[in-house]
């Protein structure tokens, strides 16, 4: 099957959509399918990685080897506690049309399908089976959906099926648009993240508090730093490992008191293939993010055997239970991050509790392995194409 994926979000930026697209592509290719990713070039300083400093030739070769086609240029749209993106460029529509004509996709899969620019253009131009996946929590009071409801419904009508990674991700679309809605969750590469070994530089007998994620305000890196400071001021000897990057890095670095600065490790962007060793080095993952619809970072950490302290949000409740894989904290009742710090201290002080949470987390992560999730997506494609592609793939 020839599958086209259209997304505003892909490497060298970092986030849940990017990870979803990448790992689905790998899993679908293992199942024997041909996948092409259509996405814009990212050159701005708000990219989550340092890839912009690599040569254009190296990046182009990497794209070609992984089947990535770049159209237009991505620009950041800062607001709402996050960084959204949209594509701009000369004759963007005609460029995308040329790609669609040349590739003859059986299925075109759009991520964040109602966001400008490439997904909306693809919906106008598509002549194949078309699927759209919503990842973000837009809520029932979305002003963009409300103002442009009639116009956007016409784009929704061009999708054969609308998918959400969770019920939370579909709250907004369901409130405004008529569609055939399905739930297919995010996946996690269990084998990759469970194979990580503790990094030698962090394997000295000290405990490590870990955070992984883009340095957006909604991801709560400020809360991570505050909670860790609380852990240290309570007399618990634990390092802070921060995997991620973004324009707010200097702000977060400045929050660390001078006497603790040597133990707060800002590690920058780490590609997904290398993150397993950092998860393996973490004794507790601290993830006080808000607005998430799922919790892919939690699943990656669980697959690696890391106990969790996370925000109590609807999105995170899709993948964990309070007191099982770790603890959940109501951030609205914890403005000083005292409860976050307390839960981290509870786990750091009790090795058996950490091991119990790790075992439960591994069991939970296994149910979201990409091999199973990709088969569900491929099965949906087969349903829409009128053929049982999943069975045919299994017989190859």
Inset, instruction - Hey, could you get me the Stokes-Einstein D for the chain, Kirkwood radius over alpha-carbon pairs, 10 °C and 1.306 mPa s, rounded to whole µm² s⁻¹? - result: 73 µm²/s
Inset, instruction - Work out the P(r) tail for segment 190-366: percent of alpha carbon pairs separated by more than 28 Å, whole number. - result: 12 percent
Legend entry - For segment 150-186 and segment 101-139, distance of Cα centres in Å: 12 Å
Inset, instruction - For segment 174-288, give the share of DSSP beta bridges that are antiparallel, in percent and rounded to the nearest 5; count only bridges with both residues there. - result: 10 percent
Inset, instruction - Among DSSP beta bridges whose residues both lie in the chain, state the antiparallel percentage, nearest 5. - result: 15 percent
Legend entry - the chain: most fluctuating residue of 349, 126, 304 per GNM, C-alpha cutoff 10 Å: 349
Inset, instruction - Just report the Cα centroid separation between segment 194-233 and segment 315-342, whole Å. - result: 16 Å
Legend entry - DSSP-defined antiparallel bridges as percent of all bridges, segment 190-366, nearest 5: 5 percent
Inset, instruction - Just need the Rg to Rh number for segment 140-194, please, alpha carbons only, Kirkwood Rh. - result: 1.13
Legend entry - Highest average packing first - 94-107, 111-124, 290-303, Cβ atoms within 10 Å: 290-303, 111-124, 94-107
Inset, instruction - Enter the angle in degrees (range 0 to 90, nearest 10) between the Cα long axis of helix 16-30 and the first principal axis of the Cα atoms of the chain, meaning the one along which they spread out most. - result: 60 degrees
Inset, instruction - Would you compute, from DSSP H runs of 4+ residues alone, the mean residue ellipticity of the chain at 222 nm, taking -39500 (n - 2.57) per run and dividing by the full residue count, rounded to the nearest 500? - result: -12000 deg cm²/dmol
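Every number in this text was worked out from the coordinates using simple rules, so none of it is lab data. Being a predicted model, the structure only gives us computed values, none of them experimental. Because the Cβ atoms are built from the backbone with ideal geometry, glycine has one as well, and the counts that use them run over all protein chains shown.
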